[in-house]
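To start, the structure itself, in structure tokens.
The values are calculated or read from the model by the stated rules, or taken from the named source; none is laboratory data. Model, not experiment: these values are computed from the prediction. Using ideal geometry, Cβ is built from the backbone for each residue, glycine included, and neighbour counts are taken over all protein chains shown.
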């Protein structure tokens with residue numbers, strides 16, 4: 001009796017598609033590129049808004065950018081700018097274009113805490129204390145001091161990130177925890 005071996009990293013579930021699962025290195029590279037892009041766009045705006053302008057609408061707009069960057073680009077184009085730069089693509093369970101449901105499930109690990117954090121931080125823009133803040137360090141100290149639960153929220157997000165990394169490194173298909181939850185894959189060199 002012959003037993004069938006499960007697919008390995010180099011074996012495709014759909015050999016006719018010539019799929020190669022993205023490894024940790026390129027995924028980390030894409031993550032870092034996305035971090036640099038969002039930092040370059042948002043850091044100056046956030047800094048000037050916190051120190052000088054103090055306008056709630058600007059905070060809301062930068063928050064919307066932060067929250068929507070990844071899900072919008074991955075749903076619309078199959079990749080963030082970082083993933084595009086390193087040749088990666090997010091696909092659904094049968095290697096089709098990721099659905100909105102799959103993408104929202106995929107980013108929910110980080111989207112939900114980010115939305116909570118943005119809402120908790122927004123309230124500072126409606127306090128008198130914001131007027132006395134003169135440095136970004138003062139801003140960070142005030143936010144964490146007035147919202148101690150934000151520290152715990154950040155700890156939870158960090159633990160999810162560690163679990164994601166461990167899952168990618170120990171999974172034959174290099175799927176992260178959020179990929180397993182959403183039923184998605186990150187692939188490279190997708191050719192049909």
Item to check | Residues that are part of a loop (DSSP other than H, G, I, E, B), on the phi < 0 side of the Ramachandran plot and either surrounded by fewer than 15 Cβ atoms within 10 Å (Cβ to Cβ) or at pLDDT below 95 (or both), drawn from segment 90-137 | outcome: 93, 94, 96, 127, 128, 133, 134, 135
Next on the checklist: From the list 122, 169, exactly one residue is within 17 Å of residue 63 (Cβ to Cβ) and in contact with a helix residue (DSSP H, G or I) (Cβ under 7 Å, 6 or more places away or on another chain). Which is it?
Outcome noted: 122
Item to check | Index of the failed condition, residue 170 passing every other in (1) under 28 Å from residue 20 (Cα atoms); (2) surrounded by 16 or more Cβ atoms within 10 Å (Cβ to Cβ); (3) more than 13 Å from the chain's Cα centre (by Cα) | outcome: (2)
Checklist entry - In the set 127, 135, 144, which member is out of contact with any strand residue (DSSP E or B) (no Cβ under 9 Å at 6 or more places or on another chain), touching a residue at least 24 places away in the same chain (Cβ under 8 Å) and over 30 Å from residue 91 (Cβ atoms)? => result 135
Checklist outcome for this item: Of 25, 29, the only residue that is over 24 Å from residue 126 (Cα atoms) and either at pLDDT below 95 or exposed (fewer than 12 other Cβ atoms within 10 Å of the Cβ) (or both) is 25
